[in-house]
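The values are calculated or read from the model by the stated rules, or taken from the named source; none is laboratory data. Remember, it's a predicted structure, so these values are computed and weren't measured experimentally. Cβ placement follows ideal geometry from the backbone for every residue including glycine, while neighbour counts extend to all protein chains displayed. For the accessible areas, the whole protein counts, side chains as well, though only heavy atoms, and no ligand, DNA or RNA atoms are used. Shrake-Rupley method; radii C 1.70, N 1.55, O 1.52, S 1.80 Å.
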Amino acid sequence: MMGKLYLASTGFLFLMSINSFSQNAFDLRKLVKNKDLEVVNRDLSLINDDSHSGIRLSKDYGEGIAWLKGVEFSNGILEFDARGEDVEGHSFVGIAFHAKDNNTFDAIYLRPFRFNDADAAMRNHSIQYIALPNFTWRVLREKFPNKFEHAIDPSPDPNSWVRIRVVIKDATVSTYINGNKEPSLVVEKVNQINTGAIGFYVADTSGGDFANLTITKTN
């Protein structure tokens, strides 16, 4: 298992821009080999099961992120596979984008343990948008109930891989799950940051698995 790496909280140094191409598929294992991921507050290991080859972020307290070094992103499509687990209150997996630094970014993430909850109100917490540091899930839920989180229909298996497609067009963020034609969540961003870094995201006490990342740049 690889040790923890930390980025300076003052910001990132971008060596190239995704604007130079329209679409790119990333081999996450190769990114690890080439030291093209910067991991914040987690340990990173490689995974290779029957259907997916990717990375795993360990469980720990606080937010954990694996940033793609040298990639800056504004508008377009982020597609990837993520796997959490059906553990109450301890599984939050997704992607951070438009990041200014380790503490300032937008994110979309799943709560797999809510996918099949018998309580409809709890199922509405299955997918979440946040914009840190000011708009945590607690703040958004209190001020705008049911606006920045939603159920996923049909519900995925909480212990299996989930295909996530995040479409970002200016201030609008639409997220599609497992190839569904209808989005599971559509939100308007709550900040003015419209470009920045991309990274795989896990929230407090959570780990997660990630694979098959494709980034499509649009105007």
Next on the checklist: Would you confirm whether or not region 80-91 contains a residue that is open to solvent by 20 Å² or more (accessible area, probe 1.4 Å), touching a strand residue (DSSP E or B) at 6+ places or on another chain (Cβ under 7 Å) and not basic (Lys, Arg)?
Outcome noted: no
Checklist entry - Which residues, counting only those in region 165-212, are farther than 20 Å from Ser91 by Cβ and aliphatic (A, V, I, L, M)? => result Val167, Ile168, Ala171, Val173, Val186, Val187, Val190, Ile193, Ala197, Ile198
Item to check | Single residue of region 197-219 satisfying the filter (over 14 Å from the mean Cα position of the chain (by Cα) and not in a loop (DSSP other than H, G, I, E, B)) that is farthest from Leu110 (Cα to Cα) | outcome: Lys217
Item to check | Total residues in region 92-104, condition open to solvent by 20 Å² or more (accessible area, probe 1.4 Å) and closer than 25 Å to Asn178 by Cβ | outcome: 1
Item to check | Output for region 105-154, where each listed residue is crowded, with 18+ Cβ neighbours inside 10 Å, among the basic types (Lys, Arg) and either assigned to a loop (DSSP other than H, G, I, E, B) or in contact (Cβ under 8 Å) with a residue 60 or more places away in the chain (or both) | outcome: Arg111
Item to check | Output for region 42-51, where each listed residue is at pLDDT 95 or above, surrounded by fewer than 18 Cβ atoms within 10 Å (Cβ to Cβ) and assigned to a loop (DSSP other than H, G, I, E, B) | outcome: Asp43
